[in-house]
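Report on the following structure.
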Amino acid sequence: MFRLDACAEALKSNKAIASWKRLYLGIDLGTTNIVVVALNERGEPVSASMTSSTEIIRDGVVVDYWRAIKETEKNIEVICSKLGISLDRLLENSVGASAYPPGISPRTAQVCANVVEALGVPCKGLYEEPVAAARALNMEEGVIVDIGGGTTGIAIFKSGEVAYSADEPTGGTHMTLVISGRMGISFEEAEEKKRVKANHKFLRPILVPVVEKMATIVKEHLYKASWDFSGEPIYLVGGGADIEGAEEVFSSIVQYPVRLAEHCLLVTPLGIASMLWEEQSEKMVKEDAAHVN
């Protein structure tokens, strides 16, 4: 998990946290946030940035293509500022990748790659979000529960492969709507309250029914997939998972131990960048070997 800790440091830092010659950009277009993680040629986190994606992405799908490009561009500009380089230099020395939620059409998934390409960054990878999350957690066997802004995704892994996946409505946005309705405040005010950890104890009675619904969705899919627990981890990832008490609620309903991944908001973008870095590194090794032969 050391790279997740480094990613969290990179997000907070106003400068590069490692040296680099080439950048591998993991671009996560989430319903609530757009997150970009940059790794160097050794696979180490160098920098990261995050901005809001409200009304740009819905249930993990890009609904405002132009704004998605502009908001992602802001993240790239922040990373350039942290590294003290021009946008042109970054573009000359980087490749990118993105991810999509389970169950969407290839054409819809391709829009995520198109956003990356529109920035001027060659898109060399397009992955399913749970696969990227599993990579960041080094998971070969177990379950990923990805609570995004609009949906709860579930993926069961066996021998490093996805054996079952699904994506259902209900996510962080639904929590915000419930807070807004119960407290009689705007959606924006409710979202702000939800993001402050100190408010979670107060908000818990309001949010527990939504978390219970998510947990019930996961339980139903585990049953549908005939999943047989034998000690494999069940991890909660995604920004919507970062609610105090979510682990306990999930564990009580699913009836298996459920853990909240460290830095859960950064798991998927780190996984995207890691998969991209691995694939490109392997490609370079093969090309070098071919030249020698």
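A count restricted to region 244-261 and to residues that are assigned to a loop (DSSP other than H, G, I, E, B) and farther than 13 Å from Asp146 by Cα stands at 5.
Only one entry in Val121, Val116, Val95 is part of a strand (DSSP E or B), among the hydrophobic types (A, V, I, L, M, F, W, C), open to solvent by less than 10 Å² (accessible area, probe 1.4 Å) and at pLDDT 95 or above, namely Val95.
Against the test of being within 30 Å of Lys12 (Cα to Cα) and of a type in the set (Phe, Trp, Tyr), the options Phe202, Phe229 yield a single qualifying residue, Phe202.
For Arg3, the conditions (1) in contact with a strand residue (DSSP E or B) (Cβ under 7 Å, 6 or more places away or on another chain); (2) open to solvent by less than 30 Å² (accessible area, probe 1.4 Å) are fulfilled apart from (2). Within region 124-162, track down each residue that is surrounded by fewer than 24 Cβ atoms within 10 Å (Cβ to Cβ), among the β-branched types (Val, Ile, Thr) and at pLDDT 95 or above. Of everything in region 124-162, just one residue is surrounded by fewer than 24 Cβ atoms within 10 Å (Cβ to Cβ), among the β-branched types (Val, Ile, Thr) and at pLDDT 95 or above, namely Ile156. If only residues of region 43-64 that are free of Cβ contacts under 8 Å to residues at least 60 places away in the same chain and of a type in the set (D, E, K, R) are counted, the one that is least open to solvent (accessible area, probe 1.4 Å) is Asp64. Taking Glu71 as the residue in question, decide whether it is part of a helix (DSSP H, G or I) and open to solvent by 10 Å² or more (accessible area, probe 1.4 Å). Judged against the criteria, Glu71 is a match.
For region 48-70, the criterion of a residue being basic (Lys, Arg) and in contact with a Ser or Thr (Cβ under 6 Å, 6 or more places away or on another chain) is satisfied by no position.
Of all the numbered requirements in (1) within 22 Å of Gly240 (Cα to Cα); (2) outside any strand (DSSP E or B); (3) among the β-branched types (Val, Ile, Thr); (4) in contact (Cβ under 8 Å) with a residue 60 or more places away in the chain, Ile179 misses one, and that requirement is (4).
Residues in region 25-42 include at least one that is more than 18 Å from Val237 (Cα to Cα) and open to solvent by 10 Å² or more (accessible area, probe 1.4 Å). Does at least one position in region 69-87 carry a residue that is within 30 Å of Ser251 (Cα to Cα) and not polar (S, T, N, Q)? No, there is no match, as no residue in region 69-87 is within 30 Å of Ser251 (Cα to Cα) and not polar (S, T, N, Q).
Under the condition of being open to solvent by 10 Å² or more (accessible area, probe 1.4 Å) and closer than 21 Å to Leu270 by Cα, which residue from region 221-237 is modelled with the lowest pLDDT? Ranking the candidates gives Pro233 first. Contact map, region 231-242: first residue under 7 Å from Ile147 (Cα atoms) and outside any strand (DSSP E or B), second residue open to solvent by 30 Å² or more (accessible area, probe 1.4 Å) and acidic (Asp, Glu), Cβ cut-off under 9 Å, separation 6 or more or different chains; pairs are Ala241/Glu247.
The values are calculated or read from the model by the stated rules, or taken from the named source; none is laboratory data. Note that the coordinates shown come from a computational prediction; the quantities given were computed from them, not determined experimentally. For neighbour counting, all protein chains shown are included, and Cβ atoms are generated from backbone atoms with ideal geometry for every residue, glycine included. Heavy atoms of the whole protein, side chains included, go into the accessibility calculation; ligands, DNA and RNA do not. Shrake-Rupley method; radii C 1.70, N 1.55, O 1.52, S 1.80 Å.
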